[in-house]
Amino acid sequence: MAHAIFVAEAASRGLSVEIYSAGVYDFTDQPPIADTIRTCLRHNTPSPKETPTWVRDLPLDSIDRFLVMEQHHADVLTREFGVSPERVSLLGEFDPQGRGSEIEDPFSRGSLVYDESYKQIRDCIVNYLNTTEAPRSSAG
């Protein structure tokens, strides 16, 4: 959802940024999560890309900022993929409502949880873009 929201918000602002989405674990053989697609469509956000990407398949050295949902994801990026901690931020740190620095994965927790997660992610992305200089490339 974060990828779809970030792409839509950047486009609405006319920002020219390259946005990636990838997991810290390899789920490239898995189908897209239907709840994620349905949630994005309910919020009039074009659905995310169709297939999962593993972070190892990204051009890691050319990405300016990594926005992650959980501290564990940040730790994996720095420890296993050599991303410098200065380039990694918890998306929840940009939450204008202060719901916490980590955003829980709504996977298999139902549409209400997905909707709340969508709103929190969107609030964080909007605030991130409002309060920081947009990077050339970002991964989340």
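The values are calculated or read from the model by the stated rules, or taken from the named source; none is laboratory data. Please read these numbers as outputs of a predicted model, since none were measured by experiment. A quick note on method: Cβ atoms are made from the backbone with ideal geometry, for glycine too, and the neighbour counts reach across all protein chains shown. Each accessible area value is taken on the protein alone, full model and side chains, heavy atoms only, with ligands, DNA and RNA left out. Shrake-Rupley method; radii C 1.70, N 1.55, O 1.52, S 1.80 Å.
Overview of results
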item: Sequence-separation-based contact order of the stretch 19-74, relative, with Cα cut under 8 Å and 6+ spacing, percent; result: 42 percent
item: Exposure of HIS73 as accessible area (Å², to 10), given a probe of 1.4 Å and all protein chains; result: 50 Å²
item: Assigned charges on the beta-carbon of Lys, Arg, Asp, Glu; the chain dipole about Cα centre (debye); result: 400 debye
item: The chain, relative contact order in percent, only Cα pairs under 8 angstrom and at least six apart counted; result: 33 percent
item: Sparsely packed chymotrypsin sites (Phe, Trp or Tyr not before Pro) within the stretch 1-95, loop by DSSP, other Cβ within 10 Å at most 15; result: TYR25, PHE27
item: Cα shape, the stretch 38-127, gyration tensor, a/c 1.5 rule; result: prolate
item: Accessible surface, the stretch 1-126, averaged per residue in Å² (probe 1.4 Å); result: 55 Å²
item: Range in the chain, longest, excluding exposed GluC sites (Glu not before Pro) [loop by DSSP; at most 13 other beta-carbon atoms within 10 Å]; result: 51-132
item: The chain - mean residue ellipticity at 222 nm from DSSP helices (-39,500 (n - 2.57) per run, n ≥ 4, rounded to 500); result: -12000 deg cm²/dmol
item: Portion, in percent, of the accessible area of the chain that falls on carbon or sulfur, probe 1.4 Å; result: 50 percent
item: Dipole of the chain, positive direction: furthest Cα of ASN127, ILE103, THR45, with charges on the beta-carbon; result: THR45
